[in-house]
């Protein structure tokens with residue numbers, strides 16, 4: 001196993017082709033010699049399987065790395081119900097055209113054809129795409145490509161019509177490739193959409209999977225892709241620079257744009273019924289720090305509801321944290337501007353901040369001059385739970401005063417640091433996908449340090465490398481997945 005990346009879980013592949021143990025092969029410059037581990041019958045004849053797995057790891061930004069290069073080993077699966085083996089944070093690739101149900105929070109799902117149901121979340125990336133295989137492989141069935149001298153790929157296509165994916169949970173990133181013409185339904189939230197113009201049926205040169213556009217979040221998404229087309233999406237996400245996954249759980253997009261003359265770092269997040277844009281001052285938080293916003297769990301939301309007097313009005317509750325280098329949660333050294341945009345359903349909204357000790361402070365009240373336009377700007381010097389509600393007198397200025405908070409948040413000292421090695425937008429070994437569970441406020445308050453005020457470099461570079469690493473990984477995996485295996 002590689003020593004420079006943490007082991008996380010397994011990547012399972014459901015393929016049309018049969019693989020056999022000890023069927024070793026060499027792909028020259030692409031990978032080392034592969035080893036296939038499996039069973040033999042009583043006569044010593046190898047037993048094949050259409051399902052196999054390998055171990056996977058994460059890089060510092062949350063990208064997926066499998067054993068393709070360092071230790072390329074495929075382990076054949078012989079269980080009658082291999083879906084029962086899938087655990088939380090496993091990766092799944094489905095290209096066999098069959099029906100599968102996975103009862104777990106997957107880290108990623110790479111889907112080509114069939115009918116798949118996920119009873120859980122997809123933390124990182126759900127990629128809907130045709131199978132990519134080298135044109136010189138001699139297999140005319142799958143989507144083919146070859147590299148051109150100027151670093152582009154030439155594509156042809158196959159049909160994925162009538163393929164369906166249903167996710168009964170949240171998704172971090174939905175990646176739609178132009179090659180996919182099936183359907184996707186997400187019965188939860190989506191934090192980011194990415195569209196890749198990866199082919200033309202008549203054969204076209206395209207840049208190496210460089211995305212055409214990224215879109216913001218969508219709450220209770222429902223039907224997301226119908227017959228290969230996005231449903232109900234708006235304009236591209238302004239200032240998109242990348243995405244990451246913190247601690248292999250919290251997916252967040254990253255943007256850089258200008259608001260009222262100030263350069264800000266932001267994220268798009270589906271919170272409640274709103275697809276919000278959250279931004280903070282770049283000059284204060286630093287060049288490599290971005291906000292991450294997540295819906296709170298139901299118990300935390302109930303604590304907030306207990307202090308309201310206007311109980312029938314709209315309420316938006318979220319945990320906002322600052323993540324530096326995707327490695328640690330930090331606090332600003334000085335006051336920072338906080339921008340919340342795309343709010344709806346409010347007449348005279350107020351922004352409340354719940355401090356680490358549970359104390360509630362009011363940061364903003366709309367002045368009521370005309371209809372509320374959906375945007376709020378306020379100042380803060382710490383990040384934890386925030387809620388937006390109609391302006392009102394609260395029953396208490398502290399959560400849990402009525403004895404409803406059995407697990408109040410604890411204050412974290414600046415010296416408590418973590419060294420989580422986490423994630424951004426690249427997958428190299430298998431699939432890129434994701435969504436993330438709503439995080440508990442206690443988790444959001446833990447492991448905070450002070451943000452650096454001096455600018456740092458590397459954001460744009462890390463974001464740009466996503467696509468290169470992801471699609472290099474796709475190349476290696478699909479080469480291994482779809483090579484025909486012959487029994488001895």
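The values are calculated or read from the model by the stated rules, or taken from the named source; none is laboratory data. Remember, predicted model here, so these are calculated numbers, not experimental data. Quick reminder, even Gly has a Cβ in these numbers, built from the backbone with ideal geometry, and neighbours come from all protein chains shown.
Please enumerate the residues belonging to region 243-279 that are under 28 Å from residue 88 (Cα atoms) and more than 11 Å from the chain's Cα centre (by Cα). Before the answer, list the steps.
Residues of region 243-279 under 28 Å from residue 88 (Cα atoms): 243-254, 267-276.
Those that are under 28 Å from residue 88 (Cα atoms) and more than 11 Å from the chain's Cα centre (by Cα): 247, 254, 267, 268, 269, 270, 271, 272, 273, 274, 275, 276.
Here the condition is being in contact with a helix residue (DSSP H, G or I) (Cβ under 6 Å, 6 or more places away or on another chain) and either within 28 Å of residue 235 (Cα to Cα) or surrounded by 19 or more Cβ atoms within 10 Å (Cβ to Cβ) (or both); of 385, 377, it holds for 385 alone.
Mind checking which residues of region 33-53 are part of a strand (DSSP E or B) and under 17 Å from residue 16 (Cα atoms)?
Initial filter on region 33-53 (part of a strand (DSSP E or B)): 34-37, 40, 46, 49-53.
Matches in region 33-53: 36, 49, 50, 51, 52, 53.
Counting only residues that are farther than 15 Å from residue 308 by Cα and assigned to a loop (DSSP other than H, G, I, E, B), region 349-366 holds 4 of them. Examine region 359-367 for a residue that is modelled with pLDDT under 95 and either closer than 26 Å to residue 288 by Cβ or surrounded by fewer than 18 Cβ atoms within 10 Å (Cβ to Cβ) (or both), and state whether such a residue exists. Yes, that holds for at least one residue. The number of residues in region 160-172 that are within 10 Å of the chain's Cα centre (by Cα) and part of a strand (DSSP E or B) comes to 2.
Is one or more of the residues making up region 173-180 assigned to a loop (DSSP other than H, G, I, E, B), surrounded by fewer than 24 Cβ atoms within 10 Å (Cβ to Cβ), on the phi < 0 side of the Ramachandran plot and at pLDDT below 90?
Scanning region 173-180 turns up at least one residue that is assigned to a loop (DSSP other than H, G, I, E, B), surrounded by fewer than 24 Cβ atoms within 10 Å (Cβ to Cβ), on the phi < 0 side of the Ramachandran plot and at pLDDT below 90.
Quick check on this structure: which one of 118, 131 is crowded, with 23+ Cβ neighbours inside 10 Å and either under 21 Å from residue 249 (Cα atoms) or at pLDDT 55 or above (or both)? Please lay out each step first, then the result.
On the way: 131 fails: either under 21 Å from residue 249 (Cα atoms) or at pLDDT 55 or above (or both).
Being crowded, with 23+ Cβ neighbours inside 10 Å and either under 21 Å from residue 249 (Cα atoms) or at pLDDT 55 or above (or both) holds for just one of 118, 131, which is 118.
Among (1) more than 28 Å from the chain's Cα centre (by Cα); (2) within 17 Å of residue 285 (Cβ to Cβ); (3) part of a loop (DSSP other than H, G, I, E, B), which single condition is residue 369 missing? Residue 369 satisfies every listed condition except (2). Just to be sure, is residue 79 free of Cβ contacts under 8 Å to residues at least 60 places away in the same chain and either closer than 15 Å to residue 7 by Cβ or outside any loop (DSSP other than H, G, I, E, B) (or both)? Taking the combined requirement at face value, the residue does not satisfy it. Scanning region 320-342 for residues that are part of a loop (DSSP other than H, G, I, E, B) and within 23 Å of the chain's Cα centre (by Cα), which turns out nearest to residue 378 (Cα to Cα)? Applying the filter and picking the extreme gives 342.
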